[in-house]
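First comes the structure, then the notes that go with it.
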Amino acid sequence: MYYRRARKKFDDEPENHERWLISYADFITLLFAFFVVMYAISAVNIGKYKVFSDALGNAFGGQGSATPVNTQVQNLPIPNPGLKRRTELLRKEKEQMTRLAQDLLSTMAPLVKEGKVRVTQNSRGVSVEINASVLFDPGEARLMPESVEALRAVANLLKSDTHNVQVEGHTDNQPIANPRYPSNWELSSVRASSVVRLFIDAGVAPTRLTAVGFSSNQPVADNDTPLGRARNRRVAVTILSGIPDPSTEVPTALPAQ
């Protein structure tokens, strides 16, 4: 009789629908602890790992590491020596290229003042942009006698240098068609080659030189005006930086869609 009453009383008690919250809270707590530990282990910085370890121990009622903070700081890893060396090389390279740009600017000073030569510097290197009217007759690729002296002065600076040099020929968008140059492609390429040949004759190592013709595909001014077309007819001598940007290999497998 007593057993039946006790069972009836137990059966009549309302069911607690929130008991799952206890298990859920335990699961979330363990999941949080797991990810914190995984993050701490994956970190390269040993000092941060110890700090996280202490914080995790204190958060769960344990005792953190007894290692003093000063000891943690002393145990921090030494910065990447390769990165430090590259940074120093980049600094020296930039200083060397800046000196070269200043020397070129000084050598070409009269033409720079007339607006016929521009010297620029960027991460690619130092570029000397020479208006084609200084070097060639219209539609021709033979260097004019008065241009040889200016180019030889540039060559004298380059032959004692070690950087590679790219000579680029550029034209405006006006078509050219004659037996010698069927298009602006041939004209721009032969003009660049003419400058390269002069540099070789002046003592610049041939292995450092490259001639490229761009035709009218890289304008620096509007081709709709005579002044813009004159600006686009040019030869650019670019002294390339000796420290290229780091390259990243492209993976052969495409990512899954």
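General observations
- Cα-Cα separations in region 146-191 greater than 16 Å, expressed as whole percent: 56
- Share of pairwise Cα separations in region 85-240, more than 21 Å, in percent: 44
- In order along region 202-217, the phi-based Karplus estimate (6.51 cos²θ - 1.76 cosθ + 1.60, θ = phi - 60°) of 3J(HN,Hα) comes to 8, x, 7, 4, x, 5, 8, 10, 9, 10, 9, x, 10, 6, 9, 7 Hz; Gly and Pro are listed as x.
- Taken over the Cα atoms of region 92-145, the convex hull encloses 97 Å³ per residue.
- Surface per residue (accessible, 1.4 Å probe) for region 85-240, Å²: 53
- Within the accessible area of region 85-240 (1.4 Å probe), percent carbon and sulfur: 51
- Cα-centred dipole magnitude for region 85-240, charges only on beta-carbon of K, R (+1) and D, E (-1), debye, nearest 20: 480
- Candidates per trypsin sites (Lys or Arg not before Pro) in region 102-151, loop by DSSP, up to 16 other Cβ within 10 Å: R124, R142
- List S183, S215, S106, ordered by accessible area with a 1.4 Å probe, largest first: S106, S183, S215
- Global geometry of region 187-248, whether rounded, prolate or oblate, following the gyration tensor of its Cα atoms and the 1.5 cut on a/c: oblate
- Square roots of five times the Cα gyration tensor eigenvalues for region 142-229, Å: 26, 14, 13
The values are calculated or read from the model by the stated rules, or taken from the named source; none is laboratory data. These numbers were taken from a predicted model, which means no experiment stands behind them. Heads up, the Cβs are rebuilt from the backbone with ideal geometry, glycines too, and the neighbour counts pull from every protein chain shown. We work out accessible area using only protein heavy atoms, side chains counted, and drop any ligands, DNA or RNA first. Shrake-Rupley method; radii C 1.70, N 1.55, O 1.52, S 1.80 Å.
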